[in-house]
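Worksheet for the structure shown next.
The values are calculated or read from the model by the stated rules, or taken from the named source; none is laboratory data. Note that the coordinates shown come from a computational prediction; the quantities given were computed from them, not determined experimentally. With ideal geometry, Cβ positions are generated from the backbone for all residues, glycine too; neighbour counts draw on all protein chains shown. These accessible areas exclude ligands, DNA and RNA; they are computed on the full protein's heavy atoms, side chains included. Shrake-Rupley method; radii C 1.70, N 1.55, O 1.52, S 1.80 Å.
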Amino acid sequence: MRTLDPVIEGGNNRHIKDRFPFLLVDAIYTKVHENGRVRSQGVLISYVINEEGYRTILSLKIDSSESTEALKQLFQLAEGTRPEGR
C-alpha cells in the first residue's frame, strides 16, 4: 500500500481550473491486510462534476471510519485542489 502514497499525494496536491457546480463525497469499505490481520478500512473520496458532466477527483483518503475528523481531513486535502478563483 505504501507504494501508492506518492501517487495519491500527487493527486491531492494539484490545481484544477474548470468550473464545477457539483461536489460529491463518497466512501467504500474494503478489507486490508495490516500487521498480519485483516481489517475493514474506508476509502473516502471527494470529487466534482463540471458543466459537461465530467468528474474530477479532488481528494482520496484511507481511514478506519467516516468520522467528522476523517471527513474534515478529506476536505483539507481537497482544499489544495479546489478550482482556482472559487
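In the context of the full protein assembly, V38 retains an accessible surface of approximately 90 Å², using a probe radius of 1.4 Å and ignoring ligands and nucleic acids. Over the Cα atoms of the range 26-66, the radius of gyration divided by the Kirkwood radius equals 1.17; this is the Rg/Rh ratio. Can you compute the FRET efficiency between E51 and K72 using 1/(1 + (r/R0)^6), with r the Cβ-Cβ distance and R0 = 30 Å? Round to the nearest 0.05. Calculated value: 0.60. Here the Karplus curve 6.51 cos²θ - 1.76 cosθ + 1.60, taken at θ = phi - 60°, turns the phi angles of the range 65-76 into couplings of 7, 9, 5, 4, 5, 5, 5, 4, 5, 4, 5, 5 Hz, with x standing for Gly and Pro. Residues E34, E79, E52, sorted by accessible area with the largest first, give E52, E79, E34 [1.4 Å probe; ligands and nucleic acids excluded].
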